[in-house]
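Each remark here refers to the structure printed beneath this line.
Computed from the coordinates by the stated procedures, all read-outs in this text should not be read as laboratory data. These numbers come from a predicted model, not from an experiment. Every residue, glycine as well, gets a Cβ built from its backbone with ideal geometry; the counts of neighbours run over all protein chains shown.
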Amino acid sequence: MKKPLQLTVNGDVRQILVEPYYSLLDTLRDELHLTGTKKGCDEGDCGACTVMLNGKPVTSCMVLAHSAHDSQVTTVEGLASQEELHPVQQAFAEHGGLQCGFCTPGLLMSAVGLLERNPSPSAEEVRFAIGGNLCRCTGYSKVVESILAAAEVISGSKEQG
């Protein structure tokens, strides 16, 4: 039997009825129709479903929706404003950090989580932060380059352009 759930998703308070066994991933995709968060392995191993939960990156397939009651969730749809892309999204576009796009939302969210904690990471810290995000299309060097470029913009040491 579905039970009430309240989440703040991408800044909007959402009240929905959700089965007790639904994951946060399934709730976002199936109930709230936010399909940017991808369903990859459904076992917490690939990172495609990474979202920000109360400011921290999590694999949403491993979080029961009801355990996130009254929480703040940011999905890839919540990164950009009406006027511009988030600096991480912009850097991925400019520096070739995206390939087919399936893993990209999770990589973006892991990168945002890192840069919120550490706006000036080393390449090694970037590699560690995205270690749970699997991509079959790339060797990760362009992803790391993109995240480091976004870090420069976010930390203010380089103008976005």
About the Cα centre of the range 23-161, what is the dipole size in debye to 20, counting +1 per Lys and Arg Cβ and -1 per Asp and Glu Cβ, all else neutral? 280 debye
Search the structure for amide H atoms under 5 Å from the amide H of L64, placed 1.01 Å from N in the peptide plane, and list their residues when 5 or more places away or on another chain. L24
Based solely on C-alpha atoms, express the radius of gyration and the Dmax of the chain in angstrom. 15.6, 52
The relative contact order of the chain, taking Cα pairs under 8 Å that sit 6 or more residues apart, comes to a percentage of 22 percent
Suppose we flag GluC sites (Glu not before Pro) only when DSSP calls them loop and at most 12 other Cβ atoms lie within 10 Å. Which is the longest uninterrupted stretch of the chain? 85-158
How many lysine pairs are close in the chain, with Cα atoms under 29 Å apart and the two 8 or more places apart or on different chains? 13
Non-local residues with an amide H under 5 Å from the amide H of T37, with H modelled 1.01 Å from N and Pro and chain starts lacking one, are V76
Run the Debye formula on the Cα coordinates of the range 3-77, all scatterers equal and no solvent, and tell me log10 I(q)/I(0) at q = 0.13, 0.16, 0.27 1/Å. -0.29, -0.45, -1.42
Tensor-based shape of the range 90-150 (alpha-carbon gyration tensor, a/c under 1.5 rounded, otherwise prolate or oblate): prolate
Whole-Hz ³J(HN,Hα) from phi, Karplus 6.51 cos²θ - 1.76 cosθ + 1.60, for the range 105-114, glycine and proline x: x, x, 5, 4, 5, 5, 5, 4, x, 4
Return the single residue from Q72, Q82, Q15 with maximal mean-square fluctuation; model: Gaussian network over the chain, springs between Cα atoms under 10 Å. Q82
R14's amide H: which non-local residues (gap 5+, or another chain) put their own amide H closer than 5 Å, with H modeled 1.01 Å from N in plane and none for Pro or chain starts? L7, T8, V9
Cβ-based exposure ranking for M62, M1, M109, M52, in which fewest neighbours within 10 Å come first: M1, M62, M52, M109
Nearest-20 debye value, the range 3-77 charge dipole, Cβ charges on Lys, Arg, Asp, Glu: 140 debye
Note down the nm distance, to one decimal, between modelled labels 7 Å out along Cα→Cβ at K142 and at L17. 4.6 nm
Quick one: order H69, H33 by neighbouring beta-carbon count within 10 Å, fewest to most. H33, H69
